[in-house]
Amino acid sequence: MLTLLIITMVVLLLMGFPMMVPLAVGTLFMMFTGMTFFGPDQAISWMVSGVGSWVLAAVPMFIFAADILTKGHTANRLLDVVDSFTRHIRGGLPITTAASCALFGAVSGSTQATVVAMGGPMRPRLLAKGYSDSFALALIINASDIALLIPPSIGFIIYGVVMKASIGDLFLAGILPGLLILLMFSLYCYVGARIKGIEADPRASWGERWLALRKAILPMGFPVIVVGGIYGGYFSAVEASAVAVAYALLLEVVIYRKVSIRELPGLALSTGMITAVVFILVSIGAAFSQALGTAGIPEQLLGPVIESVGDSQTLALILIAAAFFVGCMFVDPIVVILILVPIFKPLVQSTGLDPIHVGVIVTLQAAIGSATPPFGCDIFTAIAVFRRPYIEVIRGTPPFIFILLLATVVLILFPEISLFLPSLGGD
């Protein structure tokens, strides 16, 4: 019966149905075939409880802020300030792309918004400099995934709700790993530029740098306000998301005047549509996860493997990372978090792992999965935005995926990288 369930869901995915359909069908399959015992009322209760956490109200707020910033002038200002400090370095342009994606991720918290906002201006520059389109596309989608680690991060919010972990601690924990990955990407770009013989651009003057920095100082205040406000005790994660929207409106509508009042209803509608998709996935994913647990399927599939881990924290982290990496290659990362986090929660508790550190490992795998074939969401965003074929978009991704997996190993072996900043906020 379990084999039939898996085949049914895979067939629905291959037929092109959105992820919510296989999840719903899988839940109904378990209910009507007697794999477990629950009724429609219980399924609805699970769905409602899945989206019942007040913390999830931060998701549409951060999405709305990202939409406003993507439409506005913030992306170009962040790009210009990074370019002024890196253009004279070999590989300066791809380094600028990676750093700008990280900065915009710190402002928007959305990988797909970062692909759109940074990919638009940077891809033509990379092509004009002599880089291949496959490298440019791979760099953009993988560097954009740093947005899942740099606060504010929607991935951290979903994980925090499911794991009942501190959103503020998760936001802090993602900063150093995000910067580590940015450094690794930058080294790869530098070495690649030297091998290809691509020359650097002239060094920017300090006057140009100061001007670019002055123009970008307000957008760069986003992560300071969000994380500093939460840790300073001024507001909660949900209130921080509302502050982010207010700040985005202040910048783009009042100060820069790049977004008009008339455009806000359209942006709000776009936010509402994206939020609806996310929340439907969360609610159905919660019901599917509960049904799996009731049927005892996780124990059947992973029980012996989890038992073999014993008390080893390193083996536990490797198992968790491997499961999330494989899952996120095929399924939306939000769904994978909703399904697998409850399964691995007892293992995290029994081995004494810090749930904040686990959250960084899990969210990093979600970031890798967002740009990993066959079904990474950022791959399809790039296909839609840049109108390039699937094969060309994924051709340049292997080196970046290798770097991200190497970063995973480093973070598993050295948990202090993730836990250092949250430890500073402890009592």
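The values are calculated or read from the model by the stated rules, or taken from the named source; none is laboratory data. These numbers were taken from a predicted model, which means no experiment stands behind them. Cβ: placed from backbone, ideal geometry, glycine included. Neighbour counts: every protein chain shown. For the accessible areas, the whole protein counts, side chains as well, though only heavy atoms, and no ligand, DNA or RNA atoms are used. Shrake-Rupley method; radii C 1.70, N 1.55, O 1.52, S 1.80 Å.
Some observations on this one:
- Subset of the stretch 135-145 [modelled with pLDDT under 85 and of a type in the set (A, V, I, L, M, F, W, C)]: none
- Any hit, the stretch 105-112, residues being aliphatic (A, V, I, L, M), under 16 Å from the mean Cα position of the chain (by Cα) and on the phi < 0 side of the Ramachandran plot: yes
- Residue match in the stretch 45-62 (condition: in contact with a Phe, Trp or Tyr (Cβ under 8 Å, 6 or more places away or on another chain), on the phi > 0 side of the Ramachandran plot and at pLDDT 80 or above): no
- Top-ranked residue of the stretch 284-338 - restricted to ones that are among the polar types (S, T, N, Q) and part of a helix (DSSP H, G or I), ranked as surrounded by the most Cβ atoms within 10 Å (Cβ to Cβ): Ser289
- Listed by first and then second residue, the pairs with beta-carbon distance under 7 Å, at least 6 apart or on different chains, first residue in the stretch 30-51 and assigned to a loop (DSSP other than H, G, I, E, B), second small (Gly, Ala, Ser), are Met35/Ala295; Thr36/Ala291; Thr36/Ala295; Phe38/Ala291; Val51/Ser283.
- In a residue-by-residue description of the stretch 63-82, the property of being open to solvent by 20 Å² or more (accessible area, probe 1.4 Å) and touching a Phe, Trp or Tyr at 6+ places or on another chain (Cβ under 8 Å) applies to at least one position.
- Scan the stretch 375-423 for residues that are in a helix (DSSP H, G or I) and among the basic types (Lys, Arg) and the total you get is 1.
- The stretch 370-390 residues that are in contact (Cβ under 8 Å) with a residue 12 or more places away in the chain and more than 14 Å from Phe330 (Cβ to Cβ), paired with ones that are outside any helix (DSSP H, G or I) and not β-branched (Val, Ile, Thr) (beta carbon under 8 Å, 6 or more apart): Asp378/Ala371; Ala382/Arg388
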